[in-house]
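What follows is a single structure, written as structure tokens, with notes after it.
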Amino acid sequence: MLKHNLTPLSNFLQFHSKASNHLFPLARISSSSSHSQSKMEATSYMFGPYKIDKKEVFYSTDFSYALVNLRPLLPGHVLVCPRREVQRFAELTTDETSDLWITAQKVGKQLESYHKASSLTFTIQDGPQAGQTVPHVHIHIIPRKSGDFEKNDEIYDALDVKEKEMKQSLDLDKERKDRSIEEMADEADEYRKLF
């Protein structure tokens, strides 16, 4: 556990009450306190048992990272994950939980604007019965526009179908209809410019 004199909440409140260029209050209490492109280049990423090519990652902090989606439901559908491999949401530390949601907020804001969307869907499937197919906590962020689904909540059914397809393709190593690494790297390059 990181040592600091403030609770995560008091650190958050104190940090946000000051004018600062830092966007992540918890970064102040970590040993390497800032986000940097060079750090992203030097780090490998795991998503459950799967190694993620660094070209797919477009944003990272000391505790979290954001990556493009192999099978997005809509343009801008991305994932935000904790760096530490954690299967269930309740297993995250307070620092990881705070940073995960702050990262999701920042990423969501940028992608909503970039894709000229009017809303965002944030969702976590926490455990197998909730539809989680990769045993690593992750937040789906999906920029939304009017009419993108006939009934707004159909997105959750579509997300469940995509998760099941993903599990099947990863587990059975079948011929996949996934996006290429080049396609995902191009998208990640575009998103990196937003930060």
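The values are calculated or read from the model by the stated rules, or taken from the named source; none is laboratory data. None of the values given here were measured: they were computed from a predicted structure. Because the Cβ atoms are built from the backbone with ideal geometry, glycine has one as well, and the counts that use them run over all protein chains shown. The accessibility values were calculated without ligands, DNA or RNA, using every heavy atom of the protein model including side chains. Shrake-Rupley method; radii C 1.70, N 1.55, O 1.52, S 1.80 Å.
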- For G131, work out the one condition from (1) more than 27 Å from D186 (Cβ to Cβ); (2) at pLDDT 95 or above; (3) in contact with a helix residue (DSSP H, G or I) (Cβ under 6 Å, 6 or more places away or on another chain) it doesn't fulfil. (2)
- With S113, S169, S146 as the choices, which residue is at pLDDT 95 or above, over 20 Å from R88 (Cα atoms) and polar (S, T, N, Q)? S113
- Does region 94-115 contain any residue that is of a type in the set (A, V, I, L, M), more than 18 Å from R192 (Cβ to Cβ) and open to solvent by 30 Å² or more (accessible area, probe 1.4 Å)? no
- Just checking, how many residues over region 118-135 are surrounded by fewer than 20 Cβ atoms within 10 Å (Cβ to Cβ) and not in a strand (DSSP E or B)? 11
- Among the candidates R88, R84, R71, which residue alone is over 20 Å from E56 (Cβ atoms) and of a type outside the set (S, T, N, Q)? R88
- Task: Within region 67-81, identify whether any single residue is over 24 Å from E183 (Cβ atoms) and modelled with pLDDT of 95 or more, and answer yes or no.
- Result: no
- Count, please, the residues in region 89-124 that happen to be free of Cβ contacts under 8 Å to residues at least 40 places away in the same chain, in contact with a helix residue (DSSP H, G or I) (Cβ under 9 Å, 6 or more places away or on another chain) and under 25 Å from S146 (Cβ atoms). 7
- Message: Being of a type outside the set (S, T, Y), buried (at least 22 other Cβ atoms within 10 Å of the Cβ), touching a helix residue (DSSP H, G or I) at 6+ places or on another chain (Cβ under 6 Å) and on the phi < 0 side of the Ramachandran plot is the filter here; which residues of region 58-88 pass it?
- Response: F58, F63, A66, L67, V68, V80, P82
- Just to be sure, is I181 β-branched (V, I, T), open to solvent by 50 Å² or more (accessible area, probe 1.4 Å) and modelled with pLDDT of 70 or more? yes
